[in-house]
Amino acid sequence: MRQLKHDSLDWKSYYTTHTTTARAAVRAAVQDGAHLVFGHAVAAPESIAEALFLEREHFRDLTIFHMLYFATPWHLRPEMEGHARGRLNFLDKHSRPVVREGRADFVPCHFHEVPRLFREGLYPVDIAAVQLSPPNAEGYCSLGVSCDYTKAAIEEAKVIIAEVNEQMPFIAGDNLVHVTELDYIIPVDRPLTEIPLPEIGEVEQRIGEVCAALIHDGDTLQIGIGAIPDAVLQCLGDRKDLGLHTEMFTDGVMHMMRRGVITGARKTLHPRKVVSSIVMGSRELYDFVHQHPDIELYPVDYTNDPYIIGQNEDFVSINSCLEIDLCGQVASEAIGQDQFSGTGGQVDYLRGVRRAKNGRSILAFTSTAKGGTVSRIVPTLSAGATVTSGRNEVDYIATEYGAVRLQGLTLRERALALVSIAHPDFREALLASAEERFPQ
Ligand code: COA
């Protein structure tokens, strides 16, 4: 781990003398073959990525690790071939085609174990390139909207290049770094990327109602991003004292805090605090979380550690998937052999809820995809599909046709339960598969 240079008395002059431009920082710090980690999601270090692109003739064979990247992906452009290559743990619309074209690689890993890759040298961090908030009066910057693996990258890096963004909110928790730990400081004043609100259609609304029926007053929730999680939140308006211990905090959570539905009053871990590892959503959300006394961000090896999750009693996790077979094996990150996203924290939370007193996990999804032409409940997963969540990990499965609880059921009972929540157009064929495979 990095030795802290920490000199809190003279941090203002340190800030001044270490302020530079992104291009100058890249020229000074980047060596051939270096391993970089980029800040995550909305905290992507865009000016550093652009500088790497512009200075690419000065280095070769960099490796750049990140997960989601919500900014212009300069570093993934074809011109970077031979200069830098992405090593990605979660794909999005920018990186998916790049991996398909063979210009970047995918690294399987549970989200909560990403910091371990850095700490144990499985991905040695030469340079952490991050985006931070402006410092407070004591010289501490907040990691802002992304603590997740970024905190570990900062702690393990030999060199830290930091964009200090005037518009990055200051969020507390284990989410701070002192100015005197930064090697290169690049002041920027750039709006954070806003993630558009998902459209909630009738089907998502129905799934929201199905899931909401499993959630009671005083429960603590983990809730993912997307139309279904948002629909679930919208159906919880009459609940009291819900809590949040999650990996991702979105606009839907803000609305429920404002309505007094999420209070955290009955939480058994971090009572009254909303605990998350990432924030992503609208500008309104970024303003809301800025210096909010009840919101704390923690590293993902804390928020997503199954042992920590399990200390929350009455815990409910809600996530989604792409395909599930009749035994309950779940593909959440790939469609056949095509990597779509990543494991993220899905298995972390499925395992964590099992340790929680009265823990429940829900995987919720629309019963069909591609305009109703394919069933997501299938006899066997598509050829070559990655099993994200094994059949022993899953519990409640929900579609717009209801929710079934798989734990404790035989294979035949599971298959029949899943057929009962499949789209009616596919039930007959699924039932025939179930009868053939699990006769009685
Ligand atoms: N066969 C073929 N295509 C399918 C499919 C299937 N069985 N299931 C989904 N698709 C297509 C959809 O039609 C959609 O295509 P489009 O983009 O052209 O419309 C696309 O795949 C994505 O499906 P969608 O249901 O819209 O996904 P989503 O954006 O709601 O994300 C996951 C769902 C599963 C990909 C996402 O939740 C994930 O990555 N999960 C793993 C990580 C995780 O759970 N983290 C924990 C909490 S944040």
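From the Kirkwood radius over Cα pairs of region 6-188, Stokes-Einstein at 20 °C and 1.002 mPa s returns a whole-number translational diffusion coefficient of 132 µm²/s.
Considering only the other residues whose Cβ falls under 12 Å of the Cβ of residue 400, what net charge follows from Lys and Arg at +1 and Asp and Glu at -1? For residues surrounding residue 400, the net value is -1. Considering only region 202-437, what is the antiparallel percent among its DSSP beta bridges, to the nearest 5? Percent antiparallel among DSSP bridges in region 202-437 is about 35. Residue separation of residue 282 and residue 392 scaled by 0.36 nm, minus their Cα-Cα distance, works out to 35.9 nm of gained length. Here each label is just a point 7 Å from Cα along the line to Cβ, and for residue 16 and residue 32 those points are 4.0 nm apart. Estimated at 0.36 nm per residue, the fully extended path between residue 428 and residue 268 surpasses their Cα-Cα distance by 53.1 nm. To the nearest ten degrees, helix 424-437 and the longest principal axis of the Cα atoms of the chain are 80 degrees apart. Counting only alpha carbon atoms, the long axis of helix 411-420 and the longest principal axis of the chain meet at about 90°.
Checking every one of the trypsin sites (Lys or Arg not before Pro) in region 344-409 against DSSP loop status and a limit of 13 other Cβ atoms within 10 Å picks out 357, 370. Of all DSSP-defined beta bridges confined to the chain, some 25% are antiparallel rather than parallel. Each of residue 338 and residue 238 was given a label point 7 Å from its Cα along the Cα-to-Cβ line. The distance between the two points is 4.2 nm. Compared with the dominant Cα axis of the chain, that is its longest principal axis, helix 202-212 is turned about 90°. Charging the Cβ of each Asp and Glu at -1 and of each Lys and Arg at +1, and nothing else, the dipole of region 2-91 about its Cα centre rounds to 160 debye.
Rolling a 1.4 Å probe over the protein heavy atoms gives the chain an accessible area of 39 Å² per residue. For region 93-198, state which GluC sites (Glu not before Pro) are in a DSSP loop and have at most 15 other beta carbons lying within 10 Å of their beta carbon. Of the GluC sites (Glu not before Pro), the ones in loops of region 93-198 whose Cβ has at most 15 other Cβ atoms within 10 Å are 101, 120, 138, 166.
Working note: Cα gyration tensor of the chain, eigenvalues times five, square-rooted, sorted largest first, giving semi-axes of 39, 26, 17 Å. The DSSP beta bridges internal to region 6-188 are antiparallel in roughly 10% of cases. Report, in whole Å, the centroid distance computed from the Cα atoms of region 418-438 and region 297-347. If you average the Cα positions of each part, the centres end up 25 Å apart. Could you compute the FRET efficiency for residue 190 and residue 258, with r as their C-beta to C-beta distance and R0 at 25 Å, rounded to 0.05? Rounded to the nearest 0.05, the efficiency is 0.40. Counting Lys and Arg as +1 and Asp and Glu as -1 over every other residue whose Cβ lies under 14 Å from the Cβ of residue 90, the net charge comes to -4. For the pair residue 24 and residue 382, the difference between a 0.36 nm per residue extended length and the Cα-Cα distance amounts to 124.0 nm.
Cα centroid separation, region 219-287 to region 36-83: 32 Å. Need one number: nm distance between label points at residue 60 and residue 93, each 7 Å from Cα along Cα→Cβ, rounded to one decimal. Computed distance between label sites residue 60 and residue 93 equals 3.6 nm. Each Lys or Arg adds one and each Asp or Glu takes one away; over the other residues whose Cβ falls under 14 Å from the Cβ of residue 357, this sums to +2.
Between rounded, prolate and oblate, where does region 202-437 land on the alpha carbon gyration tensor, with a ≥ b ≥ c its root eigenvalues, rounded for a/c under 1.5, else prolate if a/b exceeds b/c? In terms of gyration-tensor shape, prolate. If the limit is 29 Å between Cα atoms, which of 273/357; 93/357; 93/158 go over it? In this structure, 93/357; 93/158 exceed 29 Å between Cα atoms. With R₀ fixed at 35 Å, the C-beta to C-beta distance from residue 410 to residue 216 puts the FRET efficiency at about 0.80.
Note on the chain: with a GNM built from Cα contacts shorter than 10 Å, the maximum mean-square fluctuation among 142, 420, 13 falls on 13. Taking region 31-115, which trypsin sites (Lys or Arg not before Pro) meet the DSSP loop condition and have no more than 15 other C-beta atoms within 10 Å? Answer by residue number: 60, 93. Under a Gaussian network description of the chain, with springs only between Cα atoms under 10 Å, the residue in 122, 88, 68 that fluctuates furthest is 122. For the chain, the carbon plus sulfur part of the accessible surface works out to 50%, probe radius 1.4 Å.
The values are calculated or read from the model by the stated rules, or taken from the named source; none is laboratory data. Keep in mind the model is a prediction, meaning the values are calculated, not measured. Here the Cβ is made from the backbone with ideal geometry for all residues, glycine too, and neighbour counts use every protein chain on show. Just so you know, the surface numbers come from the protein's heavy atoms only, side chains and all, with ligands and any DNA or RNA stripped out. Shrake-Rupley method; radii C 1.70, N 1.55, O 1.52, S 1.80 Å.
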